[in-house]
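S.K.: The structure is given below, and queries will be raised subsequently.
What follows is calculated from the coordinates using simple rules that are stated; it is not laboratory data. Computed from a predicted model, the values in this text were never measured in an experiment. With ideal geometry, Cβ positions are generated from the backbone for all residues, glycine too; neighbour counts draw on all protein chains shown.
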Amino acid sequence: MGTMGAAQNPPQFTVEIPVLVLDHQGQPMLQLDQDRFRLSDNGRPQRISGFDAEAHPVSLAVVVDTSDRDAIAQAHRAAELIAGMIVGDLGQASLYISGPQPRRVLDATADHDKIADALRHLALTPAAPQGQGMVTEPASLALLELAHAPESDARAVLIIGKDPARSGPAANALVEEAMKNAIAIFRVAPRRPDGTAAAVNPDSTAVRGTGAGSQRDTAVLPMPERPGMPVSAGNPDQASVNLLPIPATAARLAGDALEPHRLDYVYDSGGLTLSGGDNAEFDRNLNSVGADLRSFYRLYFHPDDLAAPSLRHAVSVSVLPAPGQPSAASISYRRAYLGPSPSH
């Protein structure tokens, strides 16, 4: 009878919060103990029931804004770096593109050659229809499919594109997916690769186009040559990392009613936005993403109050200072989760 009664007890609801801690140089802080972390749920302190500081294989979805020539050119140039440094020997990656029909163009694979080859063969696509973000639609698709990757992996989305697109239905969906799954989103804003000519609008009258409104096919830039091997991890220069938090999601949201002017899916997911620069800086940014994905702490807890009026729970994480130890300059983590729906 005792066994039967125990079997009828509902399982505890467990929440995973990936946490990335950076020092004042923008480098991951490793070897922090569990007792340095404090976590709260809707303002209520919680007991951390599980702690994982180990590096895990990466499951990465790469999203490239293929309506942006600079994003394509940098993806071509840095293809091997993305496949090798970020995905790593034990990881896997898939590839998504933007445009009127955002879609997956490479299924998840651990084959570095396939990943690099797919990146090198990206072609220019028309811009997304008015009212749609350039990267939010394919990023939302990537998040939905990454949710089926092993939860033990370091699951993440890497966006190569300039369009922040923090509002609109797809951006709302990204925030909701970030609430449902422990998947971080990183965005690297590209600039035109060194030594490449500026793009010429094929519709401009300067090149005998017909001007604004022309229906001519968009010309695709020839693939740029790689200016050299990626910057080594030992380069003393530091990447320019934007550690300033962008406005977070509202503290309380009723149901699915979101406030677009407060949304930032990168911030809410626990990822980072990295500034653009020359080829060397772009490569350093990619290197830092690879290091960050292997530096997440995982905090687990059982919420002590799932009876809140809204299913959305706001999470807060802090790191306590320790005598003789450097202090944390930036903490990125999953900012919210959706509690279980009440049973009827």
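S.K.: Could you please rank L20, L143, placing first whichever residue has the fewest other Cβ atoms within 10 Å of its Cβ?
M.R.: Final ranking by Cβ density, sparse to dense: L20, L143.
S.K.: Right, next: Given a Förster distance of 41 Å, report the FRET efficiency between D304 and Q101 from their Cβ-Cβ distance, rounded to the nearest 0.05.
M.R.: Calculated value: 0.35.
S.K.: What nm value, rounded to one decimal, do you get for the distance between A55 and K114 when each label is placed 7 Å out toward the C-beta?
M.R.: Between A55 and K114, the simple spin-label model gives 2.4 nm.
S.K.: Using the count of nearby Cβ atoms within 10 Å as a rough guide to exposure, how do M29, M134 rank from fewest to most?
M.R.: Ordered by Cβ neighbours within 10 Å, fewest first: M29, M134.
S.K.: If we sort 297-305, 43-51, 269-277 on the protection proxy, mean other Cβ atoms within 10 Å, highest first, what's the order?
M.R.: 269-277, 297-305, 43-51
S.K.: May I pose another question? What list do you get for E137, E281 if you sort them by fewest beta carbons within 10 Å?
M.R.: Taking fewest neighbouring Cβ atoms as first place, the list is E281, E137.
S.K.: Take each of the peptides 144-150, 74-80, 318-324, average the number of other beta-carbon atoms within 10 Å over its residues, and list them starting from the highest.
M.R.: For the peptides 144-150, 74-80, 318-324, the packing ranking is 74-80, 144-150, 318-324.
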